[in-house]
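Participant: Mind looking over this structure? Questions follow.
The values are calculated or read from the model by the stated rules, or taken from the named source; none is laboratory data. Worth saying up front: this structure is predicted, and the values here are computed from it rather than measured. No Cβ is skipped: glycine too gets one built from the backbone with ideal geometry, and neighbour counts run over all protein chains shown.
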Amino acid sequence: MKTNTINKEEIEKFSRIAEEWWDPSGKFKPLHKFNPIRISYIKENLINSFKLENDGKPLKKLKILDIGCGGGLLSEPMSRLGADVTGIDASEKNIQVAKLHAKKSKLNIRYFSTSPEKFKTDIKFDVILNMEIIEHVEDVDYFLKSSASLLKKDGIMFIATINKTLKSYIFAIIGAEYILRWLPIGTHEWEKFIRPDDLVNISKKFNLNLESLDGMKFNVIKDKWSISSDKSINYIGKFRKI
């Protein structure tokens, strides 16, 4: 039986560039461009799912766990929207960066260097964010099983990842890494990408029912991301625990 989802090579890869998390022109520049659409998608879906008031801090009733939080690029906006946020990441360097930045930003976010299967907590979370992380883990089944065990019944889990298609190989690897140099070469491995049907079937085993599945598309001319019906490269699923 698997007892670990950490892929050491993946962790080392991100640890090496951890200092650049908050530099919008650095190695995480694509993620900074990606972040606004992720934030609005999560916010709108949570307001609708939990019937929340859309005031200045609409997520104030929610406990959110951000798995693979990196330097806190998503944890911080969730905290600003009122949520009680915990972030975990297997890279100690990422967590140090996240803690330092949250302190500077005067945000009360709990950060731990751990993985979902090793995370010791008595809390069950209302919401779990698994954003752009499952394509970097050692065992997707065990990772989602461990993540689901931390989610309340009726809780929501968002999973964003990359489809396993020829198009994703051309654009997400050849284009983004080798031609445009948006990402360091080796950031992604096509073999680790996962088709939506496979993700939905794995999630079902752990009582995670798909509620919606959307594509995310980058417009080169507008230089921005938007939600799309095209799931051939990036996509995001909203799952509810039954």
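Participant: List pairs: first residue in the range 105-128 and among the hydrophobic types (A, V, I, L, M, F, W, C) and modelled with pLDDT of 95 or more, second residue surrounded by 22 or more Cβ atoms within 10 Å (Cβ to Cβ) and part of a loop (DSSP other than H, G, I, E, B) anywhere in the structure, Cβ distance under 9 angstrom, at least six positions apart or on different chains.
Facilitator: Leu107/Gly72; Ile109/Cys69; Ile109/Gly72; Val127/Leu59; Val127/Ala83; Ile128/Pro116
Participant: Search the range 1-56 for residues being of a type in the set (Lys, Arg) and exposed (fewer than 15 other Cβ atoms within 10 Å of the Cβ), and hand back the single one that is modelled with the lowest pLDDT.
Facilitator: Per the stated criteria, the residue is Lys2.
Participant: Can you tell me which of (1) free of Cβ contacts under 8 Å to residues at least 60 places away in the same chain; (2) within 24 Å of Ile236 (Cβ to Cβ); (3) over 18 Å from the mean Cα position of the chain (by Cα) is the one Lys8 doesn't meet?
Facilitator: The failed condition is (2).
Participant: Among the residues of the range 147-173, how many are out of contact with any helix residue (DSSP H, G or I) (no Cβ under 9 Å at 6 or more places or on another chain) and closer than 15 Å to Pro30 by Cα?
Facilitator: 1
Participant: Now for a separate question. Would you confirm whether or not the range 88-96 contains a residue that is among the aliphatic types (A, V, I, L, M) and either out of contact with any Leu (no Cβ under 8 Å at 6 or more places or on another chain) or at pLDDT below 95 (or both)?
Facilitator: yes
Participant: Scan the range 201-220 for residues that are surrounded by 17 or more Cβ atoms within 10 Å (Cβ to Cβ) and in a loop (DSSP other than H, G, I, E, B) and jot them down.
Facilitator: Scanning the range 201-220 gives a single hit, Phe206.
Participant: Mind checking which residues of the range 116-129 are surrounded by 23 or more Cβ atoms within 10 Å (Cβ to Cβ) and either in contact with a Phe, Trp or Tyr (Cβ under 6 Å, 6 or more places away or on another chain) or within 18 Å of Tyr142 (Cα to Cα) (or both)?
Facilitator: Pro116, Ile128, Leu129
Participant: Let me ask something else. Sort out which residues of the range 153-174 are surrounded by fewer than 16 Cβ atoms within 10 Å (Cβ to Cβ) and either free of Cβ contacts under 8 Å to residues at least 40 places away in the same chain or in contact with an Asp or Glu (Cβ under 6 Å, 6 or more places away or on another chain) (or both), and write them in order of number.
Facilitator: Within the range 153-174, Leu166, Ile170, Ile174 qualify.
Participant: Kindly provide the set of residues from the range 129-183 that are touching a Lys or Arg at 6+ places or on another chain (Cβ under 9 Å), part of a helix (DSSP H, G or I) and among the charged types (D, E, K, R), ordered by number.
Facilitator: Matches in the range 129-183: Glu135, Asp141, Lys145.
Participant: Under 8 Å between Cβ atoms, which residue pairs at least 6 apart in sequence (or on different chains) link something in the range 38-56 that is on the phi > 0 side of the Ramachandran plot with a partner that is acidic (Asp, Glu) and surrounded by 10 or more Cβ atoms within 10 Å (Cβ to Cβ)?
Facilitator: Pairs that qualify, where the first residue is on the phi > 0 side of the Ramachandran plot and the partner is acidic (Asp, Glu) and surrounded by 10 or more Cβ atoms within 10 Å (Cβ to Cβ): there are none.
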